[in-house]
């Protein structure tokens, strides 16, 4: 399998399967001399790990990261940073029922047709467990661009939406509830809805909004590596993501230019920010904000029609430990991938000026 790397100057290459011995990765291009906060890195993993609340999968993984190289006496050395996260709570027998059956809307069918084989234990490489690697790399990237504030939060679950503008939200309250919504009243409704869906043996989708503040002007490339394109690439690489929009998004298609244009002030700022902090593929110094849409988890605890490897019609019922809604655990993943993109372009920008 090719294409296990992400990034340009700051590049992350990952390995591992959901039910294998371990997952991990190598980070190349990270500058030397940065003193790392290891507690902060582990905290990011704790935000993503399974088993953290009653509305997520109950797989119990400590997700403790061990660094193998590229760090000496707490500082980065400028060489490859290798790390490993051991799997400790696999229950591969939960997947014995689908060794030759394709789960609807999973990667089972496409992996099998592409490679001629597949790891049926939790989806193997296609499992969202892979994203723990991204969170480690993103946690380092956050410390590299510490002046940039990146905050993601749950903005909807099913048809329950957080209607307040992000400017009115207190991001410090995002971690105050298990659904990671900074508005307590909306969060309670979301949690109740997820519990109802779980009791029904079903799943539900939702959206996450991310806001990056204090981003310097000039990040991004004018043509094929536009900043918003790379952010979209990062977000659409996350398991279960079905949509990405930044700034005015699809709503902008209904507006007139006179309504949509962000008028400049003398200091280069704009009173409105329908551009979403990016113009011509390059950051303009305003807040970068975007939304990411997640589909419902494909594994449901009721019978569905499907086919097997012989193309015969059969049925399958979900078993094992699964998220009824992936959105709460995806919040730190969104932040991590945002940090990786911004840090990569921040480094690239440093090569452009004397």
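Looking at 278, 288, just one residue is free of Cβ contacts under 8 Å to residues at least 60 places away in the same chain, farther than 18 Å from residue 126 by Cα, in contact with a helix residue (DSSP H, G or I) (Cβ under 9 Å, 6 or more places away or on another chain) and crowded, with 22+ Cβ neighbours inside 10 Å, and that residue is 278.
Taking region 291-319 as the range and being part of a loop (DSSP other than H, G, I, E, B) and surrounded by fewer than 17 Cβ atoms within 10 Å (Cβ to Cβ) as the test, the residues that pass are 295, 301, 302, 309, 310, 311, 312, 319. Taking the listed residues 343, 339, 330, the one that is over 15 Å from the mean Cα position of the chain (by Cα) and part of a helix (DSSP H, G or I) is 343, with no other qualifying.
Of the residues making up region 159-188, those that are within 20 Å of residue 332 (Cα to Cα) and assigned to a loop (DSSP other than H, G, I, E, B) are 162, 169, 170, 177, 178, 179, 180, 181, 182, 183.
Across region 189-202, which residue is farthest from residue 328 (Cα to Cα) among those that are outside any helix (DSSP H, G or I) and touching a residue at least 24 places away in the same chain (Cβ under 8 Å)? Before you say what the answer is, go through the steps one by one.
The first filter runs over region 189-202 and keeps only residues outside any helix (DSSP H, G or I), leaving 200-202.
Cutting the leftovers down to touching a residue at least 24 places away in the same chain (Cβ under 8 Å) gives us 201-202.
Details: 201: 18, 202: 17 Å.
Filtering first and then ranking leaves 201.
For region 135-170, name all the residues that are surrounded by fewer than 24 Cβ atoms within 10 Å (Cβ to Cβ) and either touching a residue at least 60 places away in the same chain (Cβ under 8 Å) or within 18 Å of the chain's Cα centre (by Cα) (or both). Working first, answer last.
So in region 135-170, the residues surrounded by fewer than 24 Cβ atoms within 10 Å (Cβ to Cβ) come out as 142-151, 156, 158-170.
Correct list: 142, 143, 144, 145, 147, 148, 149, 150, 151, 156, 166.
For region 149-178, which residues satisfy the criterion of being closer than 30 Å to residue 27 by Cα and touching a helix residue (DSSP H, G or I) at 6+ places or on another chain (Cβ under 6 Å)? Before the answer, list the steps.
Keep residues of region 149-178 that are closer than 30 Å to residue 27 by Cα, which gives 149-154, 171-172, 174-175.
Selection gives 150, 151, 152, 153, 154.
Please find, among 22, 32, 40, the residue that is in contact (Cβ under 8 Å) with a residue 12 or more places away in the chain and in contact with a helix residue (DSSP H, G or I) (Cβ under 8 Å, 6 or more places away or on another chain). Please lay out each step first, then the result.
Numbers: 22 fails: in contact with a helix residue (DSSP H, G or I) (Cβ under 8 Å, 6 or more places away or on another chain); 32 fails: in contact with a helix residue (DSSP H, G or I) (Cβ under 8 Å, 6 or more places away or on another chain).
Just a single option satisfies the conditions, and that option is 40.
Would region 249-268 turn up any residue that is in contact with a strand residue (DSSP E or B) (Cβ under 6 Å, 6 or more places away or on another chain), surrounded by 12 or more Cβ atoms within 10 Å (Cβ to Cβ) and either more than 17 Å from residue 149 (Cα to Cα) or without any contact (Cβ under 8 Å) to a residue 12 or more places away in the chain (or both)? Within region 249-268, one or more residues are in contact with a strand residue (DSSP E or B) (Cβ under 6 Å, 6 or more places away or on another chain), surrounded by 12 or more Cβ atoms within 10 Å (Cβ to Cβ) and either more than 17 Å from residue 149 (Cα to Cα) or without any contact (Cβ under 8 Å) to a residue 12 or more places away in the chain (or both).
The residue that is farthest from residue 204 (Cα to Cα), among those in region 223-239 that are surrounded by 21 or more Cβ atoms within 10 Å (Cβ to Cβ) and in contact with a helix residue (DSSP H, G or I) (Cβ under 8 Å, 6 or more places away or on another chain), is 227. Any idea which of 257, 232, 277, 268 is modelled with pLDDT of 95 or more and at positive phi? So the residue among 257, 232, 277, 268 that is modelled with pLDDT of 95 or more and at positive phi is 277.
Among residues belonging to region 2-35 that are in a loop (DSSP other than H, G, I, E, B) and on the phi > 0 side of the Ramachandran plot, point out the one that is surrounded by the fewest Cβ atoms within 10 Å (Cβ to Cβ). So that I can check it myself, show each step before the final result.
Residues of region 2-35 in a loop (DSSP other than H, G, I, E, B): 2-4, 7-10, 17-21, 29-34.
Now restrict to residues that are on the phi > 0 side of the Ramachandran plot: 3, 7, 29, 33.
On the way: 3: 6, 7: 22, 29: 17, 33: 8.
Applying the filter and picking the extreme gives 3.
The values are calculated or read from the model by the stated rules, or taken from the named source; none is laboratory data. Quick caveat: nothing in here was measured; it's all calculated off a predicted structure. So basically every Cβ, Gly included, is an ideal-geometry build from the backbone, and we count neighbours across all protein chains shown.
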